[in-house]
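Novice: Just dropping this structure here.
Nothing in this text is a laboratory measurement; each read-out follows from the coordinates by a stated rule. In this text the structure is predicted, and so the values were computed from the model without any measurement. Every residue, glycine as well, gets a Cβ built from its backbone with ideal geometry; the counts of neighbours run over all protein chains shown.
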Amino acid sequence: MSASSLNEARPHDRSLITAVMHRYCNMARENADFAGMSVLYTPTARITFPDGREVGAHEMAKVVKGNGPTFIRHHATTLDIEFDGDTAADVVTMYIAITDQAAPDHWGSWTDRFVKQTDGRWLIDRRTIGVDGATPGGWCAAAYGN
């Protein structure tokens, strides 16, 4: 994070970005409504998964491999927001995922590019999902490999 971004409090914008991340965590659960989640993204957003596959937000369901866990919750632990002008922000969010198969099941970071819309909303335009680790025998390790 640059010193200028730290000095630029922008509490309203920060709270809107944080709200999107919290909504994502709340929606990214078993039997997720991926179509409903797409409203958190720009229409042209791209998501890159740990295996390198890139999809649009409306295609997320295609990438979730295997039978999803019976229970999954994502917990955002730390958000680092760095503004890039008035209408863009780079955000790194650390997460921990807990499933019925392991607690924690997997953990890592979401690296996002947020873009401010003309109506004032902040939406994810680019997401890279990073998995720093996965518990052997957990859902993520079984679905995507260690």
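Novice: I want to verify a result. In a Gaussian network model of the chain, Cα cutoff 10 Å, which of these has the top mean-square fluctuation: 83, 49, 71?
Specialist: Of the options given, 71 has the highest mean-square fluctuation.
Novice: Treat every Asp and Glu Cβ in the chain as -1 and every Lys and Arg Cβ as +1, leave all other atoms uncharged, and give the resulting dipole magnitude about the Cα centre to the nearest 20 debye.
Specialist: 260
Novice: Who wins for biggest fluctuation among 29, 121, 73 in a Gaussian network model of the chain, springs between alpha carbons below 10 Å?
Specialist: Per the Cα network of the chain with a 10 Å cutoff, 121 tops the list.
Novice: Quick one: if you stick a label point 7 Å off each Cα along the C-beta vector at residue 87 and residue 118, how many nm between them?
Specialist: 0.9
Novice: Can you list residues whose amide H is under 5 Å from residue 72's amide H, if they're 5+ apart or on another chain and H is modeled 1.01 Å from N?
Specialist: Here 30 satisfy the definition.
Novice: Separate question: Only helical DSSP H runs with n ≥ 4 go in: add -39500 (n - 2.57) per run for the chain, normalise by residue count and round the 222 nm mean residue ellipticity to 500 deg cm²/dmol.
Specialist: When only DSSP H runs of four or more count, the value is -6500 deg cm²/dmol.
Novice: Which one of 132, 112, 86 has the biggest mean-square fluctuation once the chain is modelled by GNM with Cα springs under 10 Å?
Specialist: Largest GNM mean-square fluctuation: 86.
Novice: Could I ask something else about it? Just grab the label-to-label distance for residue 23 and residue 48, each label 7 Å out from Cα along the Cβ direction, in nm (one decimal).
Specialist: Result for the modelled spin labels: 2.5 nm.
Novice: What's the angle, to the nearest 10 degrees (0 to 90), between helix 11-27's Cα axis and the longest principal axis of the chain?
Specialist: Approximately 20 degrees, to the nearest ten.
Novice: Give the long-range amide H neighbours of residue 42: residues separated by 5 or more places, or on another chain, with amide H under 5 Å away, using H modelled in the peptide plane at 1.01 Å from N.
Specialist: Amide H to amide H, under 5 Å and 5 or more residues apart or across chains, residue 42 pairs with 124, 125.
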